[in-house]
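Asks: First, the structure itself, so that you have it in front of you.
The values are calculated or read from the model by the stated rules, or taken from the named source; none is laboratory data. Model, not experiment: these values are computed from the prediction. So basically every Cβ, Gly included, is an ideal-geometry build from the backbone, and we count neighbours across all protein chains shown. We work out accessible area using only protein heavy atoms, side chains counted, and drop any ligands, DNA or RNA first. Shrake-Rupley method; radii C 1.70, N 1.55, O 1.52, S 1.80 Å.
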Amino acid sequence: MTDFLLATAGVILFTVAVGLVRILSGPGDADRMMAAQLIGTGGIGALLLIAAATGARGVDDVALGLALLAAFASAAFVNSAAPAEGPDAADGQ
Amino acid sequence: MSVLQALDIGLALLAFAVAAWTIFARGAFAATVGYVVYGLLLSLVWIRLFAVDVALTEAAIGSGVTGILLISAAARLRGGETAGDEKSLSGAARLFTAVLCALVALALAGVVLLLPDQGPSLAPQSMQHLPETGLGNPVTAVLIAYRSFDTMLEKVVLVLAVVGVWSLAADRYWGGAPGEARAERPEPTLAFLAQVLAPLGILVGVHIFWVGADEPGGAFQGGAILAAMWMIVMMARLTEAPQTNAFWLRLTLVAGPVVFLTAGVAGAIFAGGFFAYPPGFAKSIILFIETFMVLSIAVTLPMLVAGPPRREPRQ
Amino acid sequence: MSLISDLFSIAAIGAGVFFFLAGTVGLLRFPDALSRLHALTKADNLGLGLVVLGLLPLSDSLLAALKLVAIWALVQLAGATAAQLVGRAVRRKGSAA
Amino acid sequence: MTSATLAGLVGAALVGLGLYGLVANPQPLRKILAFNLMGSGVFLVFGIVARKGAAVGLQADPVPQAMVITGIVVAFAASALAVALVLRLFEDTGQVTLNPEAWTKPPEDGAEAG
């Protein structure tokens with residue numbers, strides 16, 4: 001069972017790695033943000049599998065923290081990417 | 001080769017490849033996203049090193065909060081970096097640099113390989129004195145009891161960094177709120193996310209702080225998650241960034257180090273040594289200090305990310 | 001009994017890995033950003049959901065199991081909102097250009 | 001080779017990689033990224049020292065771990081200050097460059113001496 005869990009963690013990391021190669025190179029910044037999202041989900045999956053296989057303590061809290069912060073990179077991207085919108089932005093220029 | 005070893009090698013290669021992407025990518029934004037991805041991989045590596053406390057810190061600060069900081073900066077700097085008058089290194093200088101850096105890396109790798117299998121360790125000492133602190137997590141004990149002086153100074157560094165960031169404000173903005181005035185209408189999706197996430201996140205942050213006494217977790221990690229929740233609420237425009245001359249803000253910023261230092265001085269008077277905790281009361285004092293540290297961290301990190309004041313202060 | 005729960009875990013986790021693979025294939029094959037986003041969110045969240053489902057019988061306590069479900073729910077929320085946010089950014093840029 | 005040694009080797013490689021980026025990348029934001037990479041490489045080397053100090057039932061020596069935690073927080077504070085400086089430079093000059101000759105050019109539109 002342990003080897004199965006570790007092997008699936010490895011497969012997930014591998015598929016994530018292949019996906020990363022595709023979207024880190026773009027073309028657009030939105031694609032790149034998807035890379036952060038992809039590694040978030042895949043990383044949490046691999047983390048949970050590794051934790052179940054190696055029995056390391058407290059790893060579920062790490063996964064919980066990562067899950068909480070999973071959308072933050074995208075939120076920061078959207079928040080800063082459109083500064084020229086809205087009425088108030090004009091007088092800052 | 002066992003499955004675990006294969007997984008470790010794969011993880012190491014992936015982390016290294018993403019790091020290399022961060023250095024060699026064309027655009028600054030692509031490199032920044034690469035760095036965020038790398039931070040997440042790094043917390044997996046820390047799990048494999050059985051350093052769960054570090055993994056939690058890396059997940060919350062190294063990947064989460066730093067990610068917000070760097071991605072916001074990269075998105076804001078777009079366009080400025082395309083200036084063609086950068087003085088790039090010539091090919092020969094680049095090669096020379098690469099060779100020198102490779103030598104540094106090789107020397108370090110040599111040191112890593114030369115380390116004895118059973119290195120010198122302070123683990124026995126830290127376990128031996130653990131009962132005196134009343135804690136169950138030796139990493140927390142190192143941070144708040146054995147090496148509390150370091151941790152106190154680190155809190156001071158955080159305050160100094162806030163002072164440094166605020167000092168970059170123009171004179172007329174001094175004391176005002178950070179961040180430009182922007183669209184009042186919040187992005188509805190972002191507002192929804194913040195409304196759902198913030199209460200849950202506060203719960204998780206307090207949980208991670210509280211279990212930190214005995215399990216992996218602690219003041220930094222819990223405080224960083226609380227900080228992230230304040231950031232998402234500000235990003236969603238559900239609340240405004242506070243004025244930097246607000247008394248409560250400045251008080252909370254310095255509360256952690258001040259309480260910590262006071263406890264240290266009190267130790268010198270009542271327990272016979274600077275930062276000594278009287279036997280029997282150690283755990284209560286540690287939790288008291290940590291509570292203020294969590295508050296300070298939860299306020300300091302968002303202020304560092306928000307940047308210098310950019311609006312004139314209201315009276 | 002333990003054999004049955006082990007078989008359940010293996011089946012669920014295996015199915016989860018399949019969806020991770022499907023998501024990556026979608027990322028590689030789909031032509032534009034919005035459909036890649038679609039592949040990413042659908043497949044990944046289902047993948048993680050099945051992995052969590054498979055890990056549930058292996059967890060030591062009820063609290064640990066609840067935490068696993070909470071992690072999955074949070075990732076669902078994050079995935080859905082991030083996809084919305086990034087998707088809007090793509091559309092905004094598309095209409096401006 | 002143990003996983004700890006492997007992580008240590010990655011750490012060593014990261015220090016080299018980060019150092020190269022710090023010297024060779026002209027853009028300040030890239031330098032900040034490179035500096036952080038270098039830092040995390042050093043942390044990983046600490047990680048292997050902690051792992052090799054496993055004793056008395058602990059799987060890693062807590063002292064280097066605590067130092068890394070402190071280090072991560074301090075690295076964040078330094079990065080935040082550096083980012084604030086770069087953003088201020090961009091505001092004042094409309095450029096993101098450390099090349100002083102470029103600063104003397106009139107700022108582009110959108111930039112305002114703040």
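Asks: In region A:25-35, which residue that is open to solvent by 10 Å² or more (accessible area, probe 1.4 Å) and touching a helix residue (DSSP H, G or I) at 6+ places or on another chain (Cβ under 7 Å) is nearest to residue A:75 (Cα to Cα)?
Replies: Taking region A:25-35 as the starting set, the residues that turn out to be open to solvent by 10 Å² or more (accessible area, probe 1.4 Å) are A:25, A:27-30, A:32.
In the following step, the residues that additionally are touching a helix residue (DSSP H, G or I) at 6+ places or on another chain (Cβ under 7 Å) were identified as A:28-30, A:32.
On the way: A:28: 17, A:29: 13, A:30: 12, A:32: 13 Å.
Filtering first and then ranking leaves A:30.
Asks: Kindly evaluate residue B:4 against the criterion of being more than 7 Å from chain D (Cβ to nearest Cβ) and not in a loop (DSSP other than H, G, I, E, B).
Replies: Yes, satisfied.
Asks: Between residues in region B:116-136 that are in contact (Cβ under 8 Å) with a residue 24 or more places away in the chain and residues that are open to solvent by 50 Å² or more (accessible area, probe 1.4 Å) and in a helix (DSSP H, G or I), which pairs lie under 9 Å by C-beta distance while being six or more apart or on different chains?
Replies: Within 9 Å, the pairs are B:133/B:146; B:133/B:283; B:134/B:283; B:134/B:284; B:135/B:283.
Asks: Among the residues that make up region B:259-266, is at least one of them part of a helix (DSSP H, G or I) and surrounded by fewer than 14 Cβ atoms within 10 Å (Cβ to Cβ)? Even if it seems obvious, please write down each step before you answer.
Replies: We begin by selecting, within region B:259-266, every residue part of a helix (DSSP H, G or I); these are B:259-266.
From what is left, the residues that are surrounded by fewer than 14 Cβ atoms within 10 Å (Cβ to Cβ) are B:262, B:265.
Yes; the residues of region B:259-266 include at least one that is part of a helix (DSSP H, G or I) and surrounded by fewer than 14 Cβ atoms within 10 Å (Cβ to Cβ).
Asks: Another question, if that's okay. Using the structure shown, decide if residue C:56 is more than 8 Å from chain A (Cβ to nearest Cβ) and assigned to a helix (DSSP H, G or I).
Replies: The answer is yes for residue C:56.
Asks: From the residues in region B:192-227 that are open to solvent by 10 Å² or more (accessible area, probe 1.4 Å) and in contact with a Lys or Arg (Cβ under 9 Å, 6 or more places away or on another chain), which one is farthest from the other protein chains (Cβ to nearest Cβ)?
Replies: B:215
Yes/no matrix, rows are residues, columns are (1) assigned to a loop (DSSP other than H, G, I, E, B); (2) open to solvent by 10 Å² or more (accessible area, probe 1.4 Å); (3) facing chain D (nearest Cβ under 9 Å):
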residue	(1), (2), (3)
B:9	no, yes, yes
B:21	no, yes, no
B:26	yes, yes, no
B:31	no, no, yes
B:50	yes, yes, yes
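Asks: I would also like to ask the following. Among (1) at the interface with chain B (Cβ under 7 Å from one of its Cβ atoms); (2) surrounded by fewer than 22 Cβ atoms within 10 Å (Cβ to Cβ); (3) under 15 Å from the mean Cα position of the chain (by Cα), there is one condition residue A:77 misses while meeting the rest; what is its number?
Replies: (2)
Asks: Could you tell me which of the residues D:80, D:102, D:84, D:60 is surrounded by 24 or more Cβ atoms within 10 Å (Cβ to Cβ), at pLDDT below 90 and not hydroxyl-bearing (Ser, Thr, Tyr)?
Replies: D:60
Asks: Now for a separate question. Assess whether residue D:48 counts as being among the aliphatic types (A, V, I, L, M), open to solvent by less than 40 Å² (accessible area, probe 1.4 Å), out of contact with any strand residue (DSSP E or B) (no Cβ under 8 Å at 6 or more places or on another chain) and at pLDDT 90 or above.
Replies: no
Asks: Every residue in region A:1-44 that is small (Gly, Ala, Ser) and within 15 Å of residue B:42 (Cα to Cα), please.
Replies: If the condition is that a residue be small (Gly, Ala, Ser) and within 15 Å of residue B:42 (Cα to Cα), then A:17, A:36, A:40, A:42, A:43 are the ones that fit.
Asks: Can you tell me which residues in region B:52-62 are in contact with a Gly (Cβ under 8 Å, 6 or more places away or on another chain), closer than 15 Å to residue A:70 by Cα and more than 7 Å from chain A (Cβ to nearest Cβ)? Quick ask: steps written out before the conclusion?
Replies: From region B:52-62, those in contact with a Gly (Cβ under 8 Å, 6 or more places away or on another chain) are B:52-54, B:56, B:58-60, B:62; that's our starting set.
Now restrict to residues that are closer than 15 Å to residue A:70 by Cα: B:56, B:58-60, B:62.
Those that are in contact with a Gly (Cβ under 8 Å, 6 or more places away or on another chain), closer than 15 Å to residue A:70 by Cα and more than 7 Å from chain A (Cβ to nearest Cβ): B:58, B:62.
Asks: Within 15 Å of residue A:46 (Cβ to Cβ), assigned to a helix (DSSP H, G or I) and among the small types (Gly, Ala, Ser): does that describe residue C:26? Show your work before the answer.
Replies: Working: within 15 Å of residue A:46 (Cβ to Cβ): no; assigned to a helix (DSSP H, G or I): yes; among the small types (Gly, Ala, Ser): yes.
No.
Asks: Just give me the residues in region C:36-53 being more than 10 Å from the chain's Cα centre (by Cα) and either in contact (Cβ under 8 Å) with a residue 40 or more places away in the chain or open to solvent by 30 Å² or more (accessible area, probe 1.4 Å) (or both), in sequence order.
Replies: The answer is C:37, C:38, C:53.
Asks: Another one. Going by the structure shown, is residue C:85 touching a helix residue (DSSP H, G or I) at 6+ places or on another chain (Cβ under 7 Å) and either open to solvent by 40 Å² or more (accessible area, probe 1.4 Å) or more than 9 Å from chain A (Cβ to nearest Cβ) (or both)? Steps first, please.
Replies: On the way: touching a helix residue (DSSP H, G or I) at 6+ places or on another chain (Cβ under 7 Å): yes; either open to solvent by 40 Å² or more (accessible area, probe 1.4 Å) or more than 9 Å from chain A (Cβ to nearest Cβ) (or both): no.
The answer is no for residue C:85.
Asks: If you scan region B:234-251, which residues turn out to be assigned to a helix (DSSP H, G or I) and open to solvent by 30 Å² or more (accessible area, probe 1.4 Å)?
Replies: B:247, B:248, B:250, B:251
Asks: Considering only region A:2-29, state which residues are at the interface with chain C (Cβ under 7 Å from one of its Cβ atoms) and without any contact (Cβ under 8 Å) to a residue 40 or more places away in the chain.
Replies: Selection gives A:4, A:11, A:12, A:15, A:18, A:19, A:22, A:23, A:28.
Asks: Here is a follow-up. Can you pull out every residue in region C:1-31 that is open to solvent by less than 40 Å² (accessible area, probe 1.4 Å) and among the polar types (S, T, N, Q)?
Replies: Result: C:5, C:9, C:24.
Asks: Let me ask something additional. Taking region B:287-308 as the search range and keeping residues that are within 14 Å of chain D (Cβ to nearest Cβ) and β-branched (Val, Ile, Thr), which one is nearest to residue D:81 (Cα to Cα)?
Replies: Step one: filter region B:287-308 for residues within 14 Å of chain D (Cβ to nearest Cβ), giving B:290, B:293-294, B:296-308.
The next check asks that each one be β-branched (Val, Ile, Thr); those that pass are B:294, B:297, B:299-300, B:305.
Working: B:294: 21, B:297: 16, B:299: 16, B:300: 12, B:305: 9 Å.
Within region B:287-308, the match that is nearest to residue D:81 (Cα to Cα) is B:305.
Asks: Then there is this: Taking the stated definitions as given, is residue A:12 within 18 Å of residue C:53 (Cα to Cα), in contact with a helix residue (DSSP H, G or I) (Cβ under 7 Å, 6 or more places away or on another chain) and open to solvent by less than 10 Å² (accessible area, probe 1.4 Å)?
Replies: Details: within 18 Å of residue C:53 (Cα to Cα): yes; in contact with a helix residue (DSSP H, G or I) (Cβ under 7 Å, 6 or more places away or on another chain): yes; open to solvent by less than 10 Å² (accessible area, probe 1.4 Å): yes.
In short, yes.
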